[in-house]
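First comes the structure, then the notes that go with it.
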Amino acid sequence: MMSSTSQLRLLRSFVPLNWTLASSFPPATSKIGPYAYCISVVRQFDMEGFLCASFMRRSVKPAIFSILAFNAELSRIPSLSNSAAVNRFDFWKDIVHAAYEGEHWQIPIAQALSDTIRKYNLSKKWLLDLVEARRIWRQSNVYKSFATMEDYFSKTFVTVIYLILQIYRIEGLHTDHVANHVGKAVGFANTLRSIGLYGDKGASYVIPTELLNRYKLTADNFKPERANEISIVIEHIAEHAAAHLQRARSFKEKVPRKAAEAFLFSAIADNTLRLLRQCSYNPFDPRIQQRSAKLIIDILKHRLLGTY
């Protein structure tokens, strides 16, 4: 068993963009190159994604960060006012269409995304799915059923992994199955983690109406002092996420080792689910929001062992 000092030394030597140096990247407002800008955006708005991408092979990192930056920008739109959100969604749809028509926008993420699209012949449908899924969710602002929730994850978290597999030039039925299960597991885990940030709005924003009705819960139950009342529904969703991870890992002998790099995001789900178990499925426990050193080590281990 490696000592913690040895693990940290290995981590620092292994990761070109290592997490301890994250603060050395310039802020997203700096006048920097397109790919450096993408890195800073992902670091600022999707630290877990930043960590996973930092462990992927150097040759594909610029392309992967362009996808993650695009996704990070889309994920921020739902918090805007109605008119601003509509305009922003249309803006990014135009960016995607323009990239396939050979047009160039002098905007860092658009430039990086266009380069990635041309180099790797990315699926236009998947990129537009990322925009459309968030637009639809912004309009409804609620998951009516568990199936609706899973469909949203299919069009967001899963689609991001599909695009990363395209960048790695890996395709196949089994890798698609793994991407589907890992993406959904991450989606569920991130949703549970977000409840502590939403507060009593978490019920209407992130828990399917179907489950609220089944467990006879309302927004009033989603308060820190009443966390024990919602632990049953949190555990229900957490177990569903864990089942997706288990299913994904059942294909480990059927996917190429290189594909495991695209599935490093599984460590994010594992980490959140572990913390929830430790906190008795209380999403308001401060430990849920803290960045775990174990997450870094888990990502590193998966990368070195070719696992997920």
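Each reported figure results from applying straightforward, stated rules to the coordinates on display, with no laboratory input. Source: prediction; values computed, not measured. Cβ atoms come from the backbone with ideal geometry, glycine included; neighbour counts cover every protein chain shown.
Quick one: net charge of VAL178's neighbours, Cβ under 15 Å, K/R +1, D/E -1? Summing Lys/Arg as +1 and Asp/Glu as -1 gives +2.
In a simple Cβ point-charge model (Lys, Arg +1; Asp, Glu -1; nothing else charged), the chain has a dipole of about 820 debye relative to its Cα centre.
What's the magnitude of the charge dipole for the stretch 142-308 around its Cα centre, counting Lys and Arg as +1 and Asp and Glu as -1 at the beta-carbon? Answer in Debye, nearest 20. Don't skip to the answer; put the middle values down first.
Values: 23 positive and 16 negative charges, 97 e Å.
In total the dipole reaches around 460 debye.
Helical content alone sets the calculated 222 nm signal of the chain at -21000 deg cm²/dmol, taking -39,500 (n - 2.57) per DSSP H segment of four or more residues and averaging over every residue.
Determine Rg/Rh for the stretch 50-166; Rg is computed over alpha-carbon atoms and Rh is the Kirkwood hydrodynamic estimate from the same atoms.
0.97
Over all directions, the projected convex hull of the C-alpha atoms in the chain averages 16.0 nm² in area.
Going by average Cβ neighbours within 10 Å, how do the peptides 136-142, 89-95 rank, with the highest at the top?
On the way: 136-142: 13.3, 89-95: 17.0.
Going by the mean number of other Cβ atoms within 10 Å, highest first, we get 89-95, 136-142.
Given +1 at the Cβ of Lys and Arg, -1 at the Cβ of Asp and Glu and no other charges, the dipole of the stretch 74-224 around its Cα centre is 320 debye to the nearest 20.
Ranking request for peptides 127-133, 160-166, 46-52: highest mean number of other beta-carbon atoms within 10 Å first, then the rest in descending order. Numbers along the way, then the final one.
Numbers: 127-133: 19.7, 160-166: 23.4, 46-52: 21.7.
Top of the packing list down: 160-166, 46-52, 127-133.
Highest mean first, the peptides 285-293, 112-120, 151-159 sorted by other C-beta atoms within 10 Å per residue fall in the order 151-159, 112-120, 285-293. Positive contributions from Lys and Arg (+1) and negative ones from Asp and Glu (-1), summed over other residues with Cβ under 9 Å from the Cβ of PHE89, come out at +3. Taking Cβ atoms as reference points and 12 Å as the exclusive limit, the residues near GLY187 contribute a net charge of +1, counting Lys and Arg as +1 and Asp and Glu as -1.
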